[in-house]
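The values are calculated or read from the model by the stated rules, or taken from the named source; none is laboratory data. Just so it is clear, the model here is predicted, and its values are computed rather than measured. Every residue, glycine as well, gets a Cβ built from its backbone with ideal geometry; the counts of neighbours run over all protein chains shown.
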Amino acid sequence: TRESLSLVFNSSSRFGRLQKIKCAIAGKNLYMRFTCSTGDAMGMNMVSKGVQNVLDFLVNQFPDMDVLGISGNYCSDKKPAAVNWIEGRGKSVVCEAVIKEEVVHKVLKTNVAALVELNMLKNLTGSAIAGALGGFNAHASNIVSAVYIATGQDPAQNVESSHCITMMEAVNGGKDLHVSVSMPSIEVGTVGGGTQLASQSACLNLLGVKGASKEVPGANSRLLATIVAASVLAGELSLMSAIAAGQLVKSHMKYNRSSKDVTKLST
Ligand code: ADP
């Protein structure tokens, strides 16, 4: 029964708790997709351990069953896959903000109507034309990769962690901008993996999410996921504004092709 599988799974860790198993059949083969809570860990090791226990238990119960591999790519880890975009993986986050008209003018140097139109034609329509899978955004993966490297996450998981749909609409009588990013597959942890490395753990400390949460296990990693989404939202606003204002190429020429010799600067 489901209860006995949960018992077997949960016995492998103080923090791993089985939530559900989604099954798909292909011919003679069964694919199982495990959903679990993992406290403040991203959970790859924890889930693998729990799943191994479940598989051992099932083989014992059904001796004619063959286990071909602990991972059958229905997870799906580090590959673009609709299952992550639709079902989510890791943490699913929606982050929204209202940007006042004067901020759009003075700081972003563009206007609300131009942003809304560009978002519709680029991030929604353009991505649809390109046949995007979770890529309905301007550059979520730039921000996800940077934050992942800085905070000791697994940067290879930026494939699905960067799935993001960016929405923009005019609000408050058309004056102000409502912007949101919806990201179903943010895979982060604040314990385990690269989070213990010196500079990465310093970064987590700076963000106030270092290590295991004392109050509620999982609170730190959930907060980190919201920080990732909020940073993506800021990045979307910045790049979309630069494109709407026609400054993308000009600013890259100015800042990206700096003639400064960086090696000399550091000595
Ligand atoms: P992952 O499962 O993300 O690969 P690790 O297995 O490297 O991470 O790290 C998780 C380890 O940290 C487990 O041994 C777990 O018992 C321990 N741990 C301590 N506190 C927590 C916490 N709050 N949440 C999750 N794991 C925790």
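Before moving on, here are some points about what is shown:
- Count of residues meeting criterion [touching a residue at least 60 places away in the same chain (Cβ under 8 Å) and either in a loop (DSSP other than H, G, I, E, B) or within 10 Å of the ligand (Cβ to nearest atom) (or both)] in the range 2-43: 8
Listed here are the residues, each with its yes/no results for (1) of a type in the set (S, T, N, Q); (2) under 30 Å from Gly235 (Cβ atoms); (3) surrounded by 16 or more Cβ atoms within 10 Å (Cβ to Cβ).
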position	(1), (2), (3)
Ile21	no, no, yes
Gly27	no, no, no
Asp56	no, no, no
Gln61	yes, no, no
Asp64	no, no, no
His105	no, yes, no
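- Any chance Glu169 is among the charged types (D, E, K, R), within 16 Å of the ligand (Cβ to nearest atom) and in contact with a helix residue (DSSP H, G or I) (Cβ under 9 Å, 6 or more places away or on another chain): no
- Qualifying residue in the range 147-157 (condition: in the same structural domain as Leu237 (by the TED database), of a type in the set (A, V, I, L, M), surrounded by fewer than 19 Cβ atoms within 10 Å (Cβ to Cβ) and within 23 Å of Ser238 (Cβ to Cβ)): yes
- Single match in Val216, Val191 (criterion: within 16 Å of the ligand (Cβ to nearest atom), hydrophobic (A, V, I, L, M, F, W, C) and surrounded by fewer than 19 Cβ atoms within 10 Å (Cβ to Cβ)): Val216
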